[in-house]
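The block underneath contains the structure these notes are about, expressed in structure tokens.
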Amino acid sequence: MTTTAVSDETLALVRRAALDKQPVSGLTHRFYRYPARFSPTFARACIQAFSAPGDLVLDPYMGGGTTVVEAMVLGRQAIGSD
């Protein structure tokens, strides 16, 4: 496992994604209606900030699969369970 520093700019992008007030939509959110849907914008920002293509992303509480789908779209391997 490689440890790298995260830049202030990267953290600012993650913060903006966390505060995004756009309606939740994305690849997984066309499949079902669920009031606690996870923001794909935030998931994508975190995956980009804290992993690199080819890395493994684990989501142990995957719910509707947003993190797993976003990770795969970004070229990461993904494991999810719920």
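Observations
- Tally, over the stretch 48-68, of residues that are aliphatic (A, V, I, L, M), outside any loop (DSSP other than H, G, I, E, B) and either in contact with a strand residue (DSSP E or B) (Cβ under 8 Å, 6 or more places away or on another chain) or at pLDDT 95 or above (or both): 4
- Among residues of the stretch 61-82, those that are out of contact with any helix residue (DSSP H, G or I) (no Cβ under 7 Å at 6 or more places or on another chain), open to solvent by less than 80 Å² (accessible area, probe 1.4 Å) and farther than 26 Å from residue 5 by Cβ, counted: 6
- Test: residue in the stretch 37-44 that is open to solvent by less than 100 Å² (accessible area, probe 1.4 Å), at pLDDT below 85 and touching a His at 6+ places or on another chain (Cβ under 6 Å): yes
The values are calculated or read from the model by the stated rules, or taken from the named source; none is laboratory data. Predicted model only: the values in this text are computed from it and were never measured. As a convention, Cβ positions derive from the backbone with ideal geometry for all residues, glycine included, and neighbour counts pool all protein chains shown. Just the protein is used for accessible areas: all its heavy atoms, side chains included, with ligands, DNA and RNA removed. Shrake-Rupley method; radii C 1.70, N 1.55, O 1.52, S 1.80 Å.
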